[in-house]
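Student: Before we start, here is the structure in question, set down as structure tokens.
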Amino acid sequence: MALIHGGQLQLVAKQFNITPENWLDLSTGIAPLNYPIPEIPEESFKALPQSSNGLETAAKHYYDANSLLVTNGSQAIIKLLPTLWREQNPHSTTVYLPEQGYKEHALAWEMAGFTLCWYQDALPALTKISDHCVLVIINPNNPTGQLYCQSMLISYQEKLAKCSGLFVIDEAFIDVIKPSQSMTNTVNNYKNTLILRSFGKFFGLAGIRIGFLIAENNWCTKFKEHLGPWQVNGPAQFIAQKALADKHWQEQQQRKLKALSVSLRAILAENLPLEYITTISGTALFQSVYFKKGIDVESYSVALCQQGVYVRLTDDKQALRFGLAKDEQLERLANALAYVTNTTINELSDKCPSAIY
Ligand SMILES: Cc1ncc(COP(=O)(O)O)c(C=O)c1O
């Protein structure tokens, strides 16, 4: 089964008959400003990719981790993890997952035959964490932006360790959270805590496909064996090594993303039909707009597409997630939102009259 994600511009462009270059694509949470591609030595393209000490050292430093595995995106770990965990712990049957969140986690656990239990916002009570169970947290959550602080996570980590459970923390969007709430530096004391880090989002280079598992050495070795050789191509390794070590660029990126997310929020607040909206929440990499129950959010998103603005309709069709727009794209976004709000407002109110009052 294939899930629908943002970033399907070719498909959407065809559907709305607007050529891809004429779209404002805000359908992902990938930074719109990317780490500049350095000059890449020809050798990186020619030789089979080796595991690189330079990349590992830069990654350990950036992620504040003692042991990690480089993969071709954290998705590779998400997909394989349930099978490896089952092999290690055949008694494990239950996994707690966020009801809203990157759905590849749920798909992987479901396909491996686990029983899925959902939570949203509040984590399942500590008393519910029973022997051998798995807790998956996306921190901060995509698309809600919900962030759990380290001190709370530590109590779950301890409980899961005591009951031979597994703690999976997906930190794909945590790079922009300051002060950091990352749990990477705890993994050596907790052998069943696995942390996933995505390189593509903060560095704006999702296409090079690189990500990291941060976990105790045995887990890294096990994944390495199962994933096999040549996971990450040479040019991707070369770029990531430079980017992870470039503190100056990272600081600039933090400032720029923060400024762009503030502009995005302001434009959303000025141009969306606020009477139909409950919350706008997110991170410095995206903002999600939650509409009141009964509002036809899908129609609103179709109307935006007709203006050539592509955003992500959430799976429950209750919210729209907006990726960051660059400075020079903000005016187009504001105009499209104002137009769609003005032209659909009556339809939306017809569909849900009670929502206006
Ligand atoms: C929360 C979350 N985790 C993991 C991923 C996978 O990212 P990647 O495989 O590029 O590291 C995504 C992709 O959008 C995501 O949103």
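Just so you know, all these numbers are worked out from the coordinates, no wet-lab data involved. These numbers were taken from a predicted model, which means no experiment stands behind them. Virtual Cβ from ideal backbone geometry, glycine too; neighbours counted across all protein chains shown.
Student: Which residues, counting only those in the range 292-324, are among the aromatic types (Phe, Trp, Tyr) and out of contact with any strand residue (DSSP E or B) (no Cβ under 6 Å at 6 or more places or on another chain)?
Tutor: Quick first cut of the range 292-324, residues among the aromatic types (Phe, Trp, Tyr) only: 300, 310, 322.
Within the range 292-324, 300 is the sole residue that qualifies.
Student: Taking residue 243, is it crowded, with 21+ Cβ neighbours inside 10 Å and either assigned to a helix (DSSP H, G or I) or without any contact (Cβ under 8 Å) to a residue 60 or more places away in the chain (or both)?
Tutor: Numbers: crowded, with 21+ Cβ neighbours inside 10 Å: yes; either assigned to a helix (DSSP H, G or I) or without any contact (Cβ under 8 Å) to a residue 60 or more places away in the chain (or both): yes.
Spelling it out, residue 243 is indeed crowded, with 21+ Cβ neighbours inside 10 Å and either assigned to a helix (DSSP H, G or I) or without any contact (Cβ under 8 Å) to a residue 60 or more places away in the chain (or both).
Student: Next question, about the same structure. Collect the residues in the range 176-188 that are assigned to a helix (DSSP H, G or I) and touching an Asp or Glu at 6+ places or on another chain (Cβ under 9 Å), keeping them in residue-number order. Step through it out loud before you land on a result.
Tutor: Kept after step one, since they are assigned to a helix (DSSP H, G or I), are these residues of the range 176-188: 176, 184-188.
184, 185, 187, 188, listed by residue number.
Student: Continuing with the same structure: Is it the case that the range 34-56 has a residue that's of a type in the set (A, V, I, L, M, F, W, C), within 13 Å of the ligand (Cβ to nearest atom) and in contact (Cβ under 8 Å) with a residue 12 or more places away in the chain?
Tutor: Within the range 34-56, the first condition is being of a type in the set (A, V, I, L, M, F, W, C), and the residues that meet it are 37, 40, 45, 47-48, 55.
Then drop every residue that is not within 13 Å of the ligand (Cβ to nearest atom), which leaves none.
No - not one qualifying residue is present in the range 34-56.
Student: Something else now. Would you tally the residues in the range 306-332 being closer than 23 Å to residue 144 by Cβ and not in a loop (DSSP other than H, G, I, E, B)?
Tutor: Filtering the range 306-332 down to residues closer than 23 Å to residue 144 by Cβ leaves 309-325.
Retained after the next criterion (residues that are not in a loop (DSSP other than H, G, I, E, B)): 309-310, 312-313, 319-323.
The number of residues fulfilling the criteria is 9.
Student: So which residues in the range 193-214 are part of a strand (DSSP E or B) and more than 9 Å from the ligand (Cβ to nearest atom), if there are any at all?
Tutor: Just the residues of the range 193-214 that are part of a strand (DSSP E or B), to begin with: 193-198, 211-214.
Result: 193, 194, 195, 213, 214.
Student: Next question. In the range 215-229, which residues are buried (at least 21 other Cβ atoms within 10 Å of the Cβ) and either in a loop (DSSP other than H, G, I, E, B) or polar (S, T, N, Q) (or both)?
Tutor: 215
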